[in-house]
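One structure is given below, encoded as structure tokens.
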Amino acid sequence: MTGSVKTSTGQTVELPPLVQWRILRTDGDPCDAFAVQFAHDAALMKTLQEAVTFSAVQNGKTVFCGVVDDFEIRLDKNGLLTELTGRGMGAKLLDTQVRAAEFGSAQLEDILRDYVRSCGITKIRAESMPPVGSFVVETGYTCWQVLAGFCRHSANIRPRFDADGGLILEREKPGRKLELKGGAMKISYEQNRYGVCTQQTIINTRTGQQTTAENAQVRNLGGFTKNVTGRSGNKIRATWRTAQQRVEDAARQFRTVCVQLSGSFLAEPLDEVQLVLPKLGLFGVFTVAEVESACDDTGESCTLTMRD
């Protein structure tokens, strides 16, 4: 893998050969990330100080694009090294807080104009979404909260970014279909009932109206967590979620499988993996939530975190 940075002056500079690297891609929650190490060169100091974005290419294909958060130069047993770290383009939205605003009828273009393009995110792929009435943004909300809130309430879409740093506002669609029968370096399976909501009730404290959603799967296994949340009036605040959405969010963490394989960039978020692991008694189709590709002195590895 090779890396390059773009500076505040618009210059693109290739980095020295990478001795270690780690690239994390997610399905949008909460943010992609990277960390790379290379031999330090004093001539690169000005470039590092002015670095704004980082891009990585593997076999002629861009596998990551994000913002530079920091760099560190250190001397240890491996010599004089620079470590450059940062996050995906979603960091621009996560780190930007806004003032209060209220939309009688929020349109997608309103949200993109005020909370996405204003942060420098211009590569956007979006499907049509209906407006959201009485949409409220409170002081201190981040642009990510506003965008995610609008998309969830409008079309139940979860924003995410692709490898090129482009924003994707489309319903989740299954990616490639992969099959894993063995050959893993590490495997872990977790079924977590703690805190997974079996029943969520939303009560409108002004009208007394209430809605309830349940997770029958966890309830039938003995789950007993019941949550009650109040909301005031009929305005839709960006961070608010319906009872059904809250149950769905909790359910995403109910069953997870983590598999580490030899190699790198073997899958993408939202790919579907058919697991056939008789020794674990584990069979079924899981969706990739995170892909972490890394390289260190032991070689390349790819860790897939999958949800049921």
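The strands (runs of 3 or more DSSP E) found entirely in region 134-192 that carry 1 or more residues being open to solvent by 70 Å² or more (accessible area, probe 1.4 Å) and among the aromatic types (F, W, Y) are 186-191. Condition first: touching a strand residue (DSSP E or B) at 6+ places or on another chain (Cβ under 7 Å), at pLDDT 95 or above and either under 22 Å from Y194 (Cα atoms) or not in a strand (DSSP E or B) (or both). Can you find one or more residues in region 228-238 that meet it? Yes, because at least one residue in region 228-238 is touching a strand residue (DSSP E or B) at 6+ places or on another chain (Cβ under 7 Å), at pLDDT 95 or above and either under 22 Å from Y194 (Cα atoms) or not in a strand (DSSP E or B) (or both). For region 195-243, taking the residues that are farther than 30 Å from F103 by Cβ and of a type in the set (S, T, N, Q), the one that is most open to solvent (accessible area, probe 1.4 Å) is identified as N220.
Just one of the numbered conditions (1) closer than 22 Å to E268 by Cα; (2) open to solvent by 20 Å² or more (accessible area, probe 1.4 Å) is not true of P131: (1). Residues of region 173-210 that are touching a Leu at 6+ places or on another chain (Cβ under 7 Å) and farther than 20 Å from F265 by Cα: Y189, R193.
Considering region 1-26 alone, what residues qualify as being within 22 Å of the chain's Cα centre (by Cα) and hydroxyl-bearing (S, T, Y)? T26 - this is the single residue of region 1-26 that is within 22 Å of the chain's Cα centre (by Cα) and hydroxyl-bearing (S, T, Y). Within region 203-225, residues that are closer than 11 Å to A251 by Cβ have Cβ atoms under 6 Å from residues that are of a type outside the set (V, I, T) in these pairs: A213/Q200; A213/A243; A213/Q244; E214/Q199; N215/A251; G223/R193, counting only partners at least 6 apart in sequence or on another chain.
Go through region 292-308 and give me each residue that's farther than 30 Å from F38 by Cα and surrounded by 18 or more Cβ atoms within 10 Å (Cβ to Cβ).
M306
Each row is one residue, and each column tells you yes or no for (1) over 30 Å from D114 (Cα atoms); (2) of a type in the set (A, V, I, L, M).
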| position | (1), (2) |
| --- | --- |
| G230 | no, no |
| W240 | no, no |
| E248 | no, no |
| T256 | yes, no |
| V259 | yes, yes |
| A267 | yes, yes |
| E272 | yes, no |
| L275 | yes, yes |
| G281 | yes, no |
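Looking only at residues that are without any contact (Cβ under 8 Å) to a residue 60 or more places away in the chain and assigned to a strand (DSSP E or B) in region 252-291, which one is surrounded by the most Cβ atoms within 10 Å (Cβ to Cβ)? Only one residue tops the list, namely F286.
The values are calculated or read from the model by the stated rules, or taken from the named source; none is laboratory data. A quick note: this is a predicted structure, and the numbers were derived from the prediction, not measured. FYI the Cβ positions are ideal-geometry reconstructions off the backbone, even for glycines, and counts take in every protein chain you see. Quick note on the areas: whole protein, heavy atoms, side chains included, nothing else; ligands and nucleic acids left out. Shrake-Rupley method; radii C 1.70, N 1.55, O 1.52, S 1.80 Å.
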